[in-house]
Amino acid sequence: SAVCMKQLAYNLLELLIQAAFPELHDDISLCHSQKERFGD
């Protein structure tokens, strides 16, 4: 489905960003923890 493809693309983009910019790992982890807290 389209939603599944969007999630896959987002996850791949996130992996590429983490690989290219390892210093952003803490910021990305923070975003994930906030996302879980607010239930999105």
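Since every read-out is calculated from the coordinates, none of them should be taken as a lab result. Please read all numbers here as calculations on a predicted model, not as lab measurements. So basically every Cβ, Gly included, is an ideal-geometry build from the backbone, and we count neighbours across all protein chains shown.
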| said: So, Ser1, is that one of a type in the set (S, T, N, Q) and either exposed (fewer than 10 other Cβ atoms within 10 Å of the Cβ) or in contact with an Asp or Glu (Cβ under 8 Å, 6 or more places away or on another chain) (or both) or not? | reply: yes
| task | Please go through segment 1-37 and pick out each residue that is of a type in the set (Asp, Glu) and either in contact (Cβ under 8 Å) with a residue 12 or more places away in the chain or in contact with a helix residue (DSSP H, G or I) (Cβ under 6 Å, 6 or more places away or on another chain) (or both). | result | Glu14
